[in-house]
1. Among the residues of segment 8-48 satisfying the criterion of being in contact (Cβ under 8 Å) with a residue 24 or more places away in the chain and aliphatic (A, V, I, L, M), which is farthest from R73 (Cα to Cα)?
2. Checking S172 against (1) more than 14 Å from D92 (Cα to Cα); (2) surrounded by fewer than 14 Cβ atoms within 10 Å (Cβ to Cβ): exactly one of these is not met. Which one?
3. Would segment 42-54 turn up any residue that is more than 25 Å from L126 (Cα to Cα), under 12 Å from the mean Cα position of the chain (by Cα) and part of a helix (DSSP H, G or I)?
4. Could you list all residues from segment 64-119 that are of a type in the set (D, E), in a helix (DSSP H, G or I) and more than 11 Å from A47 (Cβ to Cβ)?
5. Criterion first (modelled with pLDDT under 90 and loosely packed, with under 15 Cβ neighbours inside 10 Å) does R73 satisfy it?
6. Mind checking which residues of segment 158-179 are assigned to a helix (DSSP H, G or I) and touching a Leu at 6+ places or on another chain (Cβ under 9 Å)?
7. If we keep just the residues of segment 160-179 that are farther than 30 Å from Q142 by Cα and in contact (Cβ under 8 Å) with a residue 24 or more places away in the chain, which is farthest from the chain's Cα centre (by Cα)?
8. Could you tell me how many of the residues in segment 28-39 are crowded, with 19+ Cβ neighbours inside 10 Å and not aliphatic (A, V, I, L, M)?
Amino acid sequence: MTSSILAWSVVALLVFWAVGAYNRLMRLRSEVNTSFSEVQGQLQKQAQLAQSLAAPTDPQEAEDEPIFLVQIRAASIQLVACLETSRPKPLDHQRLSAIASASAVLTRAWERAEREDVHDLAGPQLPSELTDSRARLVRDTQTAITQFDAAVDRYNAAIAQFPALLLAWVFSFKPGRPF
């Protein structure tokens with residue numbers, strides 16, 4: 001009788017621990033998803049700012065349009081496409097790599113545009129309010145990325161700890177990738 005009470009107590013303890021550990025892993029994964037939504041929103045704002053640089057409708061004006069404006073718009077389209085495909089699975093390594101690459105391409109396009117502005121004797125081609133808005137968005141995006149990376153690190157640490165890693169294996173929790 002005493003041994004059956006002890007056995008049931010151990011089973012109950014293991015069940016309660018498993019439920020608690022599973023809930024913790026789910027909460028941490030939810031934090032990663034929430035953090036990713038913030039990153040996604042900030043990157044979406046950057047893409048919208050880039051797409052606000054309207055393409056000329058007149059074919060003659062289109063020929064004279066600076067190449068860096070075309071590159072900025074094209075990079076923003078690429079970023080939006082990557083963001084759309086990653087929405088359902090923010091922990092997917094390939095999708096996150098694609099977003100990081102697309103974001104880097106957009107950043108380089110903006111930086112090229114700003115460098116070309118410096119060498120133009122007629123003055124900057126990009127309005128200062130546009131570059132100021134971009135600078136604010138970059139800061140906000142970097143803050144969101146830092147929070148996302150911290151959430152991913154906490155999640156990865158949790159699924160790597162013994163004995164929670166057993167539950168992570170059983171329920172197919174995969175490690176995330178920082179931005």
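The values are calculated or read from the model by the stated rules, or taken from the named source; none is laboratory data. What you see is a predicted model, and the numbers here were worked out from it, not measured in a lab. All Cβ positions, even for glycine, are placed from backbone atoms using ideal geometry, and neighbour counts span all protein chains on display.
1. Step by step, filter segment 8-48, then rank; the result is A18.
2. (1)
3. Initially, segment 42-54 is screened for residues more than 25 Å from L126 (Cα to Cα), giving none.
No, because not a single residue in segment 42-54 is more than 25 Å from L126 (Cα to Cα), under 12 Å from the mean Cα position of the chain (by Cα) and part of a helix (DSSP H, G or I).
4. Correct list: D64, E111, E114, E116, D117.
5. On the way: modelled with pLDDT under 90: yes; loosely packed, with under 15 Cβ neighbours inside 10 Å: no.
The answer is no for R73.
6. If we filter segment 158-179 for residues that are assigned to a helix (DSSP H, G or I), which is where we start, we get 158-160, 164-170.
Correct list: A158, I159, A164, L167, A168.
7. P163
8. Qualifying residue count for the region: 3.
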